[in-house]
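The structure under discussion appears below in the form of structure tokens.
The numbers here are math on the coordinates, done by the rules we state, and not lab data. The structure displayed is predicted, hence computed values, not measured ones. Here the Cβ positions follow ideal geometry from the backbone for every residue, glycine too, while neighbour counts run over all protein chains shown.
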Amino acid sequence: MSSNNIEVIVVKNAQEGGKKAAELVANELEKGLKVIGLPTGGTPETMYAELRDSDLDFSDVVAINLDEYIGLGADHPQSYAYFMNEQLFNHKSFKETHVPAGLADEEEETARYNKVIEDNPIDLQILGIGTNAHLGFNEPGSDFDGLTRKVDLVESTIESNKIYFDSVDDVPRTAYSMGLGSIMGAKKVLLLAYGENKADAIANAINGDITEDVPASILQKHDDVVFIIDEAAASKL
Ligand code: GLP
């Protein structure tokens, strides 16, 4: 479907997307996957449901999450650590699971997390995408070579994510995010997107200029990328 290296699989809806994504994970496990990079957000929930219900064995796999809100601990229901426990880690046992610690000291935590990634090269990085084409919390303008660091969330991200909080004022303004450099270091990348509100981001990521203004456009430079997207998200391709 696209002229570059990105393989695009169009599915009917998020349910079918979750199934396809879980199949891809199963395939990679069979091929010896040892380290998996994981996303949060509404998008991967159907994939996590499939993985929970599967008989796949992750006991030899290290999981490394993309990001976490600064200021939220793992017991906070809106933290990404809490989300991952609910969605996957309480149901499947992993060799190790890593999520940035939202309450930890900035300097120590970013150094610790970058060491985790360095020690565990990622075989498969799974991603969602923001409406502004952000990956993890790498907002437009993020350095293509970036590593894990503290980031400021932009207004549109705070607006999109406020549905998960009581009020917009409760949405943290900063986060720790794995950088685009680390995401690009993964051997294979799988990006998931559903819904019309992702159509512009998907079209810009696949067919637009490769620019730091569109973080996901960096994926055009990776040699093994699969997008699983629904018809609505594919509507502007
Ligand atoms: C957040 C996360 C991203 C995620 C994006 C889209 O900002 N940090 O990793 O891809 O939201 O979320 P959703 O899947 O809910 O649309």
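Between Asn197 and Asp55, the modelled label-to-label distance comes to 3.9 nm, taking each label 7 Å out from Cα in the direction of the beta carbon. In the frame of its principal axes, the chain has Cα extents of 44, 40, 33 Å, reported largest first.
Over all alpha-carbon pairs of the stretch 33-166, lay out the pair-distance distribution in 5 Å bins, whole %, shortest bin first. Values per bin, smallest distances first: 2, 9, 19, 25, 22, 15, 7, 2, 0. A cut-off of 5 Å between modelled amide H atoms, ignoring neighbours fewer than 5 places along the same chain, links Lys188 with Leu124, Gln125. Checked against a 19 Å cut-off, the cross-linked pairs Lys12/Lys221; Lys20/Lys95; Lys12/Lys188; Lys95/Lys115 give Cα-Cα distances beyond that limit for Lys12/Lys221; Lys20/Lys95; Lys12/Lys188.
What FRET efficiency, computed as 1/(1 + (r/R0)^6) with R0 = 25 Å and r the Cβ-Cβ distance, is obtained for Asp145 and Asp166, rounded to the nearest 0.05?
0.10
As a check on your grasp of the helix formula, calculate [θ] at 222 nm for the chain: sum -39500 (n - 2.57) over DSSP H runs of n ≥ 4, divide by the residue count, round to the nearest 500. The helix-only estimate for the chain comes to -8000 deg cm²/dmol at 222 nm. Charging the Cβ of each Asp and Glu at -1 and of each Lys and Arg at +1, and nothing else, the dipole of the chain about its Cα centre rounds to 520 debye.
What full-extension length gain, to one decimal in nm, is calculated for Glu107 and Asp152 as 0.36 nm per residue of separation minus the Cα-Cα distance?
14.6 nm
Note: relative contact order over the stretch 1-90, using C-alpha pairs below 8 Å and six or more positions apart, is 27 percent.
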